[in-house]
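To start, the structure itself, in structure tokens.
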Amino acid sequence: MANPSILILAGDGIGPEVMAEVKKIIGWMGDKRGIHFDVSEDLVGGCAYDAHGTPLTDATMARAQAADAVLLGAVGGPKYDKLDFSVKPERGLLRLRKEMDLYSNLRPAQCFDALADFSSLKREVVAGLDIVIVRELTSGVYFGEPRGIFKEGNERVGINTQRYTESEIARVARSAFELARKRNNKVCSMEKANVMESGILWRDVVTEVHDREYPDVELSHMYADAGAMQLCRWPKQFDVIVTDNLFGDLLSDAAAMLTGSLGMLPSASLGAPMANGRPKALYEPVHGSAPDIAGQGKANPIACILSFAMALRYSFDLGEEATRVEKAVEKVLADGVRTADLMGPEGGSPVSTGQMGDAIISALDASL
Ligand SMILES: NC(=O)c1ccc[n+]([C@@H]2O[C@H](COP(=O)([O-])OP(=O)(O)OC[C@H]3O[C@@H](n4cnc5c(N)ncnc54)[C@H](O)[C@@H]3O)[C@@H](O)[C@H]2O)c1
Ligand SMILES: CC(C)[C@H](C(=O)O)[C@@H](O)C(=O)O
Ligand SMILES: [Mg+2]
């Protein structure tokens with residue numbers, strides 16, 4: 001049987017730097033565990049624009065559709081800020097999400113014990129934290145029509161439209177309830193039903209799906225602004241949070257700081273099952289291309305490595321190997337290995353991106 005296929009789209013800025021460490025782990029899986037993948041690489045984002053004049057070619061799109069899993073680094077950077085909106089690097093990523101129909105974006109925020117003192121919040125607030133934000137990823141204000149910048153009389157008006165259908169809400173709600181059943185059986189749904197009709201529909205549909213199909217799961221609702229406050233006040237009250245595309249974007253960056261650094265947060269973007277039973281899937285760190293540190297060997301590769309662990313679990317049914325990678329990360333952090341983003345104000349001597357990857361490989365070796 002052919003090996004499962006992985007398409008790597010490392011992208012821009014620190015994307016290729018953190019992805020280089022994931023490639024080491026993919027190599028390790030082959031050498032030490034006999035788990036082989038057919039890995040190919042292509043361009044997305046600014047680098048694709050530089051090569052082809054578009055942030056994602058049709059050929060790359062087709063390869064992503066055909067892959068068993070896509071691993072993405074990050075896209076964007078100041079060099080591309082002035083480009084026409086239609087060819088900005090971020091459009092490449094949004095096209096992948098939309099055309100692969102990756103409606104359920106799992107963004108776990110887990111605070112490793114070794115980092116509990118490093119979070120900007122108190123240790124007791126974050127120690128042991130383990131929550132997942134399920135972000136709807138293919139609709140809402142990111143894609144709703146009408147959109148654009150129009151002329152109205154003497155001035156310009158910028159328009160984006162928040163739009164959700166019942167079926168779009170129901171399918172992401174189901175994925176949150178299914179996930180909760182495998183965890184602590186609690187879902188909190190966040191919207192702004194107090195000011196948005198789309199929020200009223202969101203709350204209704206989540207409640208209907210719950211009452212009909214998942215009455216055993218504990219469901220609560222919160223306005224997203226209050227949810228942001230609660231996430232900082234006492235995040236451990238949550239298990240699974242389900243929310244829309246834009247609120248999920250904001251809440252997951254906020255959740256990143258609970259874990260110590262944006263460089264720690266992985267994500268899995270999942271769609272419907274393909275013919276082989278695997279879900280359509282793209283795995284990427286929550287962080288961006290970090291232009292301020294790109295090219296300096298300072299980036300923390302853990303978010304990208306943990307995203308690969310999610311690929312092992314969700315695409316390749318290799319939960320034990322995923323746990324092995326997660327435990328290796330936990331071990332290096334417990335041993336005090338830190339990239340610069342994980343240093344407190346008192347400083348210290350940080351390791352480079354490559355040294356962090358090597359330390360994780362050594363911890364993997366030690367796990368055998
Ligand atoms: N999925 C993606 O590809 C993605 C996600 C977010 C932002 N972006 C893009 O990235 C570019 C920069 O955006 P931004 O600066 O708002 O967000 P960013 O996530 O790139 O960086 C925010 C801050 O976090 C730090 N940081 C991020 N990842 C880190 C890591 N792995 N290790 C250490 N420090 C890390 C950066 O140095 C920076 O100070 C923009 O073009 C944006 O659109 C892309
Ligand atoms: C780069 C951008 C398109 C993206 C988003 O807004 O979804 C990013 O912020 C993310 O969180 O994945
Ligand atoms: Mg974001």
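The values are calculated or read from the model by the stated rules, or taken from the named source; none is laboratory data. Bear in mind that the values here come from a model prediction, so they are computed numbers and not experimental data. Reconstructed Cβ throughout: ideal geometry from the backbone, glycine too, with neighbour counts over all protein chains shown. Note: areas computed on protein heavy atoms with side chains; ligands, DNA, RNA excluded. Shrake-Rupley method; radii C 1.70, N 1.55, O 1.52, S 1.80 Å.
I want to confirm something. Restricting to region 37-79 and keeping residues that are in contact (Cβ under 8 Å) with a residue 40 or more places away in the chain and over 28 Å from Pro4 (Cβ atoms), which single residue is farthest from ligand 3 (Cβ to nearest atom)?
Tyr49
Given the criterion open to solvent by 10 Å² or more (accessible area, probe 1.4 Å), at negative phi and not assigned by TED's automatic domain parsing to the domain that holds Ala272, identify the matching residue among Glu90, Glu136, Glu152.
None of the others qualify; the one that does is Glu152.
Could you check, for region 272-283, whether at least one of its residues is under 20 Å from the mean Cα position of the chain (by Cα), in the same structural domain as Gly27 (by TED's automatic domain parsing) and without any contact (Cβ under 8 Å) to a residue 40 or more places away in the chain?
yes
Working only within region 50-74, note down all residues that are farther than 16 Å from Ser315 by Cβ and open to solvent by less than 70 Å² (accessible area, probe 1.4 Å).
Ala51, Gly53, Thr54, Pro55, Leu56, Thr57, Ala59, Thr60, Met61, Ala62, Gly73, Ala74
Could you say whether any residue in region 123-130 is surrounded by fewer than 16 Cβ atoms within 10 Å (Cβ to Cβ) and β-branched (Val, Ile, Thr)?
Within region 123-130, not a single residue is surrounded by fewer than 16 Cβ atoms within 10 Å (Cβ to Cβ) and β-branched (Val, Ile, Thr).
Please state which of the following conditions Lys327 fails to meet, knowing it meets all the rest: (1) farther than 22 Å from Pro78 by Cβ; (2) surrounded by fewer than 19 Cβ atoms within 10 Å (Cβ to Cβ); (3) in contact with a Gly (Cβ under 6 Å, 6 or more places away or on another chain).
Going through (1) farther than 22 Å from Pro78 by Cβ; (2) surrounded by fewer than 19 Cβ atoms within 10 Å (Cβ to Cβ); (3) in contact with a Gly (Cβ under 6 Å, 6 or more places away or on another chain) one by one, Lys327 breaks only (3).
Out of (1) touching a strand residue (DSSP E or B) at 6+ places or on another chain (Cβ under 8 Å); (2) open to solvent by 80 Å² or more (accessible area, probe 1.4 Å), what's the single condition that is false for Met100?
So Met100 meets the others, but not (2).
Scan region 47-64 and tell me whether some residue there is touching a Lys or Arg at 6+ places or on another chain (Cβ under 6 Å) and under 20 Å from Ala281 (Cβ atoms).
yes
Consider only pairs whose beta carbons are under 7 Å apart and that are at least six residues apart or on different chains; among these, list those whose first residue lies in region 226-241 and is surrounded by fewer than 14 Cβ atoms within 10 Å (Cβ to Cβ) and whose second residue is among the hydrophobic types (A, V, I, L, M, F, W, C).
Trp234/Val125
Condition first: more than 23 Å from Met343 (Cα to Cα) and within 11 Å of ligand 1 (Cβ to nearest atom). Now tell me which residues in region 239-266 satisfy that.
The one that is more than 23 Å from Met343 (Cα to Cα) and within 11 Å of ligand 1 (Cβ to nearest atom): Asp249.
So, Pro16, is that one assigned by TED's automatic domain parsing to the domain that holds Ala309, more than 16 Å from ligand 2 (Cβ to nearest atom) and within 16 Å of Pro291 (Cα to Cα) or not?
Yes: the conditions hold for Pro16.
Looking only at region 196-208, decide whether some residue is modelled with pLDDT of 95 or more and under 30 Å from Tyr80 (Cα atoms).
The answer is no, given that none of the residues of region 196-208 is modelled with pLDDT of 95 or more and under 30 Å from Tyr80 (Cα atoms).
How many of the residues making up region 259-289 are within 16 Å of ligand 2 (Cβ to nearest atom), surrounded by 24 or more Cβ atoms within 10 Å (Cβ to Cβ) and over 26 Å from Leu318 (Cβ atoms)?
Looking only at that region, the number is 1.
Looking at region 82-173, what strands (runs of 3 or more DSSP E) fall wholly within it and have at least 3 residues that are closer than 28 Å to Val70 by Cα and within 15 Å of ligand 2 (Cβ to nearest atom)?
It comes to 104-110, 130-136.
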